[in-house]
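Q: Take this structure first; my questions come after.
The values are calculated or read from the model by the stated rules, or taken from the named source; none is laboratory data. The structure displayed is predicted, hence computed values, not measured ones. Here Cβ is always computed from backbone atoms with ideal geometry, including for glycine, and neighbour counts include all displayed protein chains. For accessibility, only protein heavy atoms count, side chains too; no ligands or nucleic acids. Shrake-Rupley method; radii C 1.70, N 1.55, O 1.52, S 1.80 Å.
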Number of protein chains: 2
Amino acid sequence: MDKPVLARLQKVMQLREEVETLASGGPFAPDADWLSSGTHLTLMVDVPGCAPESLALEDDGEAVTLSGERGAVPEDQESLHRERRTGRFSRRLSFPEPVVAQSGEASLVSGVLSVRFEKVNKTIEAE
Amino acid sequence: MDKPVLARLQKVMQLREEVETLASGGPFAPDADWLSSGTHLTLMVDVPGCAPESLALEDDGEAVTLSGERGAVPEDQESLHRERRTGRFSRRLSFPEPVVAQSGEASLVSGVLSVRFEKVNKTIEAE
């Protein structure tokens, strides 16, 4: 095959991928909550079916960026009905209050990622 | 307090609950996929953060009904930003193909529930 044909094929494959992404409603975009206690902020994110080793967190002082991936449908399975999105994702979530730099502690339980950050301005309730 | 006042209070409390449900975007409604192989249908449902003991499956021959619950925000936490829905849910999912009665086998991994049903009409690919 000569180069123009290859280039056109690649373009077609790329378009097909884009159309398939549109059809499945875009990439996986996990839901997130910010919770607050007197001393800590907690970020909770739904990441069902994401491999733990695919998840990465980056704290730049103003926000935390969570990225990860959810695997596609296995090749030996045909998809008859799809609502669950797959693929790579990345979300930047601004801290709603100042937190101590690099204080995040993460845990992953039942497909929910929790990251607990120490607040700069702590409030301790009187007993 | 006399009865009419109590009844009105109860009505107000009920309305308040309904408004709060609306504000949080309705109850938790998990995403589901139907996958197919030559011999089995598989239902996959995202149930991150749902306690396994809250999940129940009922197969009536035409559909499977999945119900469960996702716990609310803990009382010692204030919610600053919320996308993750909570509460009880129930979804009825019609079988896309006939399956063998009561053949479902469920597993729960990383917040994803998989239920594998045996097909009535199996197709086995030639090697």
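Q: Would you point out the residue of the stretch A:87-125, among those that are closer than 15 Å to A:Pro52 by Cα and modelled with pLDDT under 95, that is most open to solvent (accessible area, probe 1.4 Å)?
A: We begin by selecting, within the stretch A:87-125, every residue closer than 15 Å to A:Pro52 by Cα; these are A:87-90, A:105-115.
Of the ones still in play, those that are also modelled with pLDDT under 95 are A:87-90.
Working: A:Gly87: 21, A:Arg88: 135, A:Phe89: 13, A:Ser90: 83 Å².
Out of the qualifying residues, it is A:Arg88.
Q: Pairs only if they're at least six apart or on different chains, beta carbon under 7 angstrom, first in the stretch B:49-63 and within 14 Å of B:Gln102 (Cα to Cα), second surrounded by fewer than 12 Cβ atoms within 10 Å (Cβ to Cβ); list them, first residue then second.
A: Hits for this filter: B:Asp59/B:Gln102; B:Glu62/B:Ser94; B:Ala63/B:Ser94.
Q: In addition: Of all residues in the stretch A:44-78 being over 13 Å from the mean Cα position of the chain (by Cα), open to solvent by less than 50 Å² (accessible area, probe 1.4 Å) and facing chain B (nearest Cβ under 7 Å), which is farthest from B:Phe95 (Cα to Cα)?
A: A:Val73
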